[in-house]
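Participant: This is the structure I have questions about; it appears just below.
The values are calculated or read from the model by the stated rules, or taken from the named source; none is laboratory data. Not measured: the values here are computed from a predicted model. All Cβ positions, even for glycine, are placed from backbone atoms using ideal geometry, and neighbour counts span all protein chains on display.
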Amino acid sequence: MLLRNKLSFREIFRFTWKVDLWILLCCTVAYYIDTYYMKSHISVPGGIIGVLGTAIAFFIGFNNNQAYDRWWEARIIWGGIVNDSRSLARSLLSYTSHDFEAQQIARRMVQRHLAFLYALKSGLRSTNDDYYIRYLAADDLARVQGSFNVPNAIINLQSKDLQMLQQIGAIDEFRFKAIDELIVKHCDGMGKSERIKGTVFPPSYSFFTSIFIWFYVILNTLTMTETIGAWSIIFGWAFGFVFHVTHKNGLSIMNPFEDSHMGISLDAITRNIEINLLEALQAPNIPGPIKAQEDGLYIM
Amino acid sequence: MLLRNKLSFREIFRFTWKVDLWILLCCTVAYYIDTYYMKSHISVPGGIIGVLGTAIAFFIGFNNNQAYDRWWEARIIWGGIVNDSRSLARSLLSYTSHDFEAQQIARRMVQRHLAFLYALKSGLRSTNDDYYIRYLAADDLARVQGSFNVPNAIINLQSKDLQMLQQIGAIDEFRFKAIDELIVKHCDGMGKSERIKGTVFPPSYSFFTSIFIWFYVILNTLTMTETIGAWSIIFGWAFGFVFHVTHKNGLSIMNPFEDSHMGISLDAITRNIEINLLEALQAPNIPGPIKAQEDGLYIM
Amino acid sequence: MLLRNKLSFREIFRFTWKVDLWILLCCTVAYYIDTYYMKSHISVPGGIIGVLGTAIAFFIGFNNNQAYDRWWEARIIWGGIVNDSRSLARSLLSYTSHDFEAQQIARRMVQRHLAFLYALKSGLRSTNDDYYIRYLAADDLARVQGSFNVPNAIINLQSKDLQMLQQIGAIDEFRFKAIDELIVKHCDGMGKSERIKGTVFPPSYSFFTSIFIWFYVILNTLTMTETIGAWSIIFGWAFGFVFHVTHKNGLSIMNPFEDSHMGISLDAITRNIEINLLEALQAPNIPGPIKAQEDGLYIM
Amino acid sequence: MLLRNKLSFREIFRFTWKVDLWILLCCTVAYYIDTYYMKSHISVPGGIIGVLGTAIAFFIGFNNNQAYDRWWEARIIWGGIVNDSRSLARSLLSYTSHDFEAQQIARRMVQRHLAFLYALKSGLRSTNDDYYIRYLAADDLARVQGSFNVPNAIINLQSKDLQMLQQIGAIDEFRFKAIDELIVKHCDGMGKSERIKGTVFPPSYSFFTSIFIWFYVILNTLTMTETIGAWSIIFGWAFGFVFHVTHKNGLSIMNPFEDSHMGISLDAITRNIEINLLEALQAPNIPGPIKAQEDGLYIM
Amino acid sequence: MLLRNKLSFREIFRFTWKVDLWILLCCTVAYYIDTYYMKSHISVPGGIIGVLGTAIAFFIGFNNNQAYDRWWEARIIWGGIVNDSRSLARSLLSYTSHDFEAQQIARRMVQRHLAFLYALKSGLRSTNDDYYIRYLAADDLARVQGSFNVPNAIINLQSKDLQMLQQIGAIDEFRFKAIDELIVKHCDGMGKSERIKGTVFPPSYSFFTSIFIWFYVILNTLTMTETIGAWSIIFGWAFGFVFHVTHKNGLSIMNPFEDSHMGISLDAITRNIEINLLEALQAPNIPGPIKAQEDGLYIM
């Protein structure tokens, strides 16, 4: 997640230099073609090209809307995971009877929940790190490793422990139901995250929009060449910059769980839950929050 | 579901060649009509045609928005079915007492749930395959075949087994309620899928928009013919391409359960649930995930 | 609900002939006024008229969006009624004890639910048919007839029977709660349907938009008359056609429970529920599904 | 709530005459300024003004969207209150034991619920009428009068009575929970209504949009004066009419609980609930529904 | 929250003078550059610039939509907190048995809830005030101070007290569940508020839009200079005013919990809850509502 409201010229350049070069090249070629081959033949009417620009601006707006919705939905899902994690830890630690065995199971479930979160994050980010194993007992680890879906396997273990908690009388059936509902919510949060990660935004939308923009940039440069000559390269680039950068901004948050500057800051969120839960467990050596990178530019 | 962010020229051509030919034909006819019959009489003002283009771009945007919403809602429904399936299996296997009869019923219910999913998928895709029968006992199959709605008949069986589970004391009433809620959710997911499949997007919207686009393509070509002659065929095609392809992209995801490249990948989703549930049942011979087709272009 | 994706010319004409004639008349009058009275005096600038067209296209888009949302919300509400009806029947028939009295009450409640659905449909469609009375016992009928709101009176009876079911011990309190929740959901579905039926879309929006379109059609024809003479009648009609038909498409689904081709197919939906429920009751003489009308053009 | 789909000229005039006069005045002044002071100096380019009109049409559309959402949300909230009121009365009267004391409390709660609705309506409409006191017993009235928030004080009394109902054994704990959930829903409906009433739509949006429209009306008139002279007053008014009236339509439903023709018809809705509930109580002298005003133009 | 529908010229000036000056400067520079360096070389075509203006108006509209959604979601969250606070106090005070110890705990929980609200508000507004400590007992305060997240620590205490209430028999398990659900809702409201506060709106959207507007203002002035000379500075400013002010209006409500005139009036909302809850506790010395500032211009 980017943290600064303003970007320096260096950062703008860093985010856009590739497309800048491509647009400049494209406009230059269009200028030369118009000047040496087409000028004497045809004169593209500017008004009509304008309609194309307006239409494409709509389609870009449509893509950006959906991209933002995916990004914001992803953020809401993980916001819900934060809330449910706190409620899960609170319920387990407050509503379980105080005998030793019950407290052991409850604490084990809170720790295993951290393993669930880190395993889920590792899958969503496709980093394959194994930070999560530190929060799993050896026999748990043996049971979940090799599963088709590790976080789901961890949730299955939670249910078994919850069943045990109730069978040894550490919680009554009402608390059993309340905690089970929280486990179901985590299962839902996991599935929703996987849905966003696994569903490709229809490429027919984003890809064709990209083609249409190139198409517009060329036509626009051709039109301007007739009135302002080589200046059309500069102006053509400027128009292309507005359209392409806006389109790319949409694409950059389309997959909010990717390991990118623009994505959801899963590292920071999971760490915050970790601190909350370890505090609730009164654990020693609680790690500090994730720090922003590159002088406050972004946080992962 | 298409999997690639970029399409090759061959694929673009494959998705659009039909409409490309129609537009070219239409523009050519418009060019000849204008050149030989109308030119001397009237000159359509370009600015006014532009308004039409802008208005139609709105209407296309409106259709595409609704199409995307249908597609995304369909995906959310099946994402919910994934989550609820996992929770159902987890609850049945973890919360049922360990005696043999209870476990038998629980395992039967998990398998019957797979039958429910495959029967639902077969109906939504209109493929009429009978893959689902492998997960039904013979007497169950006899009871559901010939029903007006097979998946609904399967759900009815689930409720009867759940009632039995509680009556033999394998689950208490809280777990009964929790599992019943999951069955209700599956009934809702089934009904929501059927709603999207069964509700035709108002053809007055999509069909008239299509007519308006043809209308615009013709007027646009007529206007351009007056200034750029036969080039208007090329440019007219280009404009028509932008409008028609965008409109068609919307239509292509309007019915997300259809057996098409752009639809929801029901095969992959149901298979993933199948793997999850068979793993939970510790079944032998678990099938592998569905593979992408045509060199990673799409997955069904 | 219209069922076909494409309409024949005859159907287009049938849906639009009235507005077509009015637009033609309007454009002709505008043409003559411009030609004989205004031409020598003023020349309306086309670019400025274009802004008006763009603005009106927005406002039409706004109305259509809201109209579609009402239509789709209505469909979702009745989709929910389908799901809840199935769940209600399933719960009543599976979760009630097998003694004769209990089964009698449960079956009576399922049948009475069909009466509820048909009474609700009759009110929403304003048809005042009394198909629903076939599913009511004589004393029930006496109690609900003459009520201010018949379906609500039927729901009240359901609650009384549910109370009885629990008092005779046919269901326990958990099942009581689960079935009561389904009754509450049906009460909500009824109220939501009534809300959509009873709330007039702000006429200040739809009516003024209609005025603005006429206004634009006139100005547009005036502008074109100056350059293309009598052709402006044809082109003026074409523009008016695009704007008026799009606006009318919105209006046609604004009241989705009306007895119209474009509305929600309540007949088909209630019949499907009827079939599902009668099958669950193993009733004889189950009626067949509603058939499409006019060669598959629409279903009511 | 306006009830008619069409407005007569008299009604249009009645709703818009003020802004009509202001626009006419503004255009006339602009015409004279342009004619006598500016004409010889500058010529404002029409195309550029067009962009302004398009941009402002967007911003109007944005405001109207939010206004409609507030209005529709308000309607949904009161639709929910209708449903929950019916469910509350049904539950109280059907699920309470038949001994005299229990029935007395249940009937008292239903009547007090009517007091809650009328007190809430009076606050939302800022009418300060005391119709609600007829449904309150003397001691209840003494306890709620003078509270910071009367409807909230009434809800608190409902909870106390519900507690009593359960303590005397008239309902079991399941019914207690179900009815408590309905009371919580009414508390939510009250709070949501207060939120919409109490939250001023950001004036920076609506007010600046209004300024921008005046600005556009002036520039537009200036531009047209150069080509069509004094006719620019008529055409300038016409453009101003379209933009201002659309903007005002949005503002008119922005505060849906106001005592206005365009607002939510709270009188009719509360009266309908009153009839439903009094019927359920088999009360004598049930009042009739609220009637439409001014020959069916609107209902309050 | 701004309270007035109209702003005086002084207030407009106060909100916009900075950007006004920057636009004037920018237009003046553009005018001189065009007049002395570029005029003889190139003539930027107005129609093409218009497309840019239209496209940017879309992108501004997109940002404003998201900003409004954040603002309104924030308001809905705090509206929910109002409702849940009332329900929590009502449940604790009505549903707890009347013995002294139970009433003590219930009253302590209501007061501690006020501490939760004020601690949450202080964090969201980043004011770090400690008004909340007045509602915490000394030992509670010792336990929450120094926590990573104070309001979360307070909620943990609420759960412990709720557990105690049930263990001493002051509430049964149904009421335990109902109150626990309200605590979970408050945990959710807290997390949702933190999400909105902690998630930076993608700066790539808002920042680039701002750049594009400057870009448009310059091009627009250049274009107008060619036809209207120095007047282009005035008109250029006017266009820039419309675009920049609309964009800034969006930004001003993007972070609705900030300590600004445009944000959510958290002071007033928490105070209203405080009054409601202290009244319910029949506490002495209830503070008055928050007053509007600067002659009714805004409330914090």
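Participant: When the residues of the range D:240-274 are narrowed to those that are of a type in the set (Asp, Glu) and under 20 Å from D:LEU3 (Cβ atoms), which ends up farthest from the other protein chains (Cβ to nearest Cβ)? Lay out the reasoning, then the answer.
Facilitator: Initially, the range D:240-274 is screened for residues of a type in the set (Asp, Glu), giving D:258-259, D:267, D:274.
Subset that is under 20 Å from D:LEU3 (Cβ atoms): D:258-259, D:267.
Numbers: D:GLU258: 12, D:ASP259: 17, D:ASP267: 14 Å.
Out of the qualifying residues, it is D:ASP259.
Participant: With the checklist (1) within 11 Å of chain A (Cβ to nearest Cβ); (2) surrounded by fewer than 24 Cβ atoms within 10 Å (Cβ to Cβ) in hand, flag the one item B:LEU281 doesn't pass.
Facilitator: (1)
Participant: Further question: Which ones in the range C:161-194 are more than 8 Å from chain D (Cβ to nearest Cβ) and basic (Lys, Arg)?
Facilitator: Passing the criteria: C:ARG175, C:LYS185.
Participant: Here is a follow-up. Among (1) facing another protein chain (nearest Cβ under 8 Å); (2) in contact with a Leu (Cβ under 6 Å, 6 or more places away or on another chain); (3) at pLDDT below 95, which single condition is B:TRP237 missing?
Facilitator: Here B:TRP237 meets the rest and fails (1).
Participant: On to the next question. Mind checking whether some residue in the range A:59-82 is at the interface with another protein chain (Cβ under 7 Å from one of its Cβ atoms), over 20 Å from A:ILE213 (Cα atoms) and more than 28 Å from the chain's Cα centre (by Cα)?
Facilitator: no
Participant: Need the failing condition index for D:TYR205 against (1) assigned to a loop (DSSP other than H, G, I, E, B); (2) closer than 24 Å to E:ILE77 by Cα; (3) facing chain E (nearest Cβ under 8 Å), just the number.
Facilitator: (1)
Participant: Across the range B:236-271, what is the number of residues that are part of a helix (DSSP H, G or I) and in contact with a helix residue (DSSP H, G or I) (Cβ under 7 Å, 6 or more places away or on another chain)? Please lay out each step first, then the result.
Facilitator: Within the range B:236-271, the subset part of a helix (DSSP H, G or I) is B:236-252, B:266-271.
Retained after the next criterion (residues that are in contact with a helix residue (DSSP H, G or I) (Cβ under 7 Å, 6 or more places away or on another chain)): B:236-252, B:266, B:269-270.
Qualifying residue count for the region: 20.
Participant: Scanning the range A:208-218 for residues that are more than 8 Å from chain B (Cβ to nearest Cβ) and more than 29 Å from the chain's Cα centre (by Cα), which turns out nearest to B:GLY80 (Cα to Cα)?
Facilitator: Once the filter is applied, the top-ranked residue is A:TYR216.
Participant: Checking the structure you have, find out if any residue of the range C:145-160 is within 14 Å of chain B (Cβ to nearest Cβ) and over 23 Å from the mean Cα position of the chain (by Cα).
Facilitator: Just the residues of the range C:145-160 that are within 14 Å of chain B (Cβ to nearest Cβ), to begin with: none.
Within the range C:145-160, none of the residues are within 14 Å of chain B (Cβ to nearest Cβ) and over 23 Å from the mean Cα position of the chain (by Cα).
Participant: What number of residues within the range B:35-52 satisfy the criterion of being under 21 Å from C:PHE241 (Cβ atoms) and modelled with pLDDT of 80 or more?
Facilitator: 4
Participant: Can you tell me which residue is surrounded by the most Cβ atoms within 10 Å (Cβ to Cβ) among those in the range B:152-194 that are acidic (Asp, Glu) and assigned to a helix (DSSP H, G or I)? Outline the logic, then answer.
Facilitator: Within the range B:152-194, the first condition is being acidic (Asp, Glu), and the residues that meet it are B:161, B:172-173, B:180-181, B:188, B:194.
Going one step further and asking which of them are assigned to a helix (DSSP H, G or I), we end up with B:161, B:173, B:180-181, B:188, B:194.
Numbers: B:ASP161: 17, B:GLU173: 14, B:ASP180: 24, B:GLU181: 17, B:ASP188: 21, B:GLU194: 21.
Ranking the candidates gives B:ASP180 first.
Participant: Limited to the range D:93-117, what total is found for residues that are assigned to a helix (DSSP H, G or I) and surrounded by fewer than 17 Cβ atoms within 10 Å (Cβ to Cβ)?
Facilitator: We begin by selecting, within the range D:93-117, every residue assigned to a helix (DSSP H, G or I); these are D:93-95, D:100-117.
Going one step further and asking which of them are surrounded by fewer than 17 Cβ atoms within 10 Å (Cβ to Cβ), we end up with D:100-101, D:103-104.
Total meeting the criteria: 4.
Participant: Another question, then. Which condition number does C:VAL51 fail, the rest of (1) within 30 Å of D:ILE228 (Cα to Cα); (2) assigned to a loop (DSSP other than H, G, I, E, B) being met?
Facilitator: Condition (2) is where C:VAL51 drops out.
Participant: Another one. Please verify whether the range B:224-243 includes one or more residues that are touching a residue at least 12 places away in the same chain (Cβ under 8 Å) and closer than 30 Å to C:ILE81 by Cα.
Facilitator: Looking through the range B:224-243, none of the residues is touching a residue at least 12 places away in the same chain (Cβ under 8 Å) and closer than 30 Å to C:ILE81 by Cα.
Participant: Report yes if D:ILE269 is over 14 Å from the mean Cα position of the chain (by Cα), modelled with pLDDT of 90 or more and surrounded by 19 or more Cβ atoms within 10 Å (Cβ to Cβ), otherwise no.
Facilitator: Numbers: over 14 Å from the mean Cα position of the chain (by Cα): no; modelled with pLDDT of 90 or more: yes; surrounded by 19 or more Cβ atoms within 10 Å (Cβ to Cβ): yes.
Taking the combined requirement at face value, the residue does not satisfy it.
Participant: Still on this structure: Which members of the range A:88-147 meet the condition of being basic (Lys, Arg) and touching a residue at least 60 places away in the same chain (Cβ under 8 Å)? Reasoning before the result, please.
Facilitator: Residues of the range A:88-147 that are basic (Lys, Arg), as a first pass: A:90, A:107-108, A:112, A:121, A:125, A:134, A:143.
Those that are basic (Lys, Arg) and touching a residue at least 60 places away in the same chain (Cβ under 8 Å): A:ARG90, A:ARG107, A:LYS121, A:ARG125.
Participant: Among the residues of the range A:1-14, count how many are facing chain E (nearest Cβ under 7 Å) and free of Cβ contacts under 8 Å to residues at least 60 places away in the same chain. Spell out how you get there, then give the answer.
Facilitator: Step one: of the range A:1-14, the residues facing chain E (nearest Cβ under 7 Å) are A:1-7.
Filter once more, so that each one left must be free of Cβ contacts under 8 Å to residues at least 60 places away in the same chain: A:5-7.
Number of matching residues: 3.
Participant: Quick check: anything in the range C:89-96 within 29 Å of the chain's Cα centre (by Cα), within 9 Å of chain B (Cβ to nearest Cβ) and within 30 Å of B:MET190 (Cα to Cα)? Spell out the reasoning first.
Facilitator: Step one: filter the range C:89-96 for residues within 29 Å of the chain's Cα centre (by Cα), giving C:89-90.
Among the residues that remain, those that are also within 9 Å of chain B (Cβ to nearest Cβ) are: C:89-90.
Remaining after also requiring within 30 Å of B:MET190 (Cα to Cα): C:89-90.
Yes, some residue in the range C:89-96 is within 29 Å of the chain's Cα centre (by Cα), within 9 Å of chain B (Cβ to nearest Cβ) and within 30 Å of B:MET190 (Cα to Cα).
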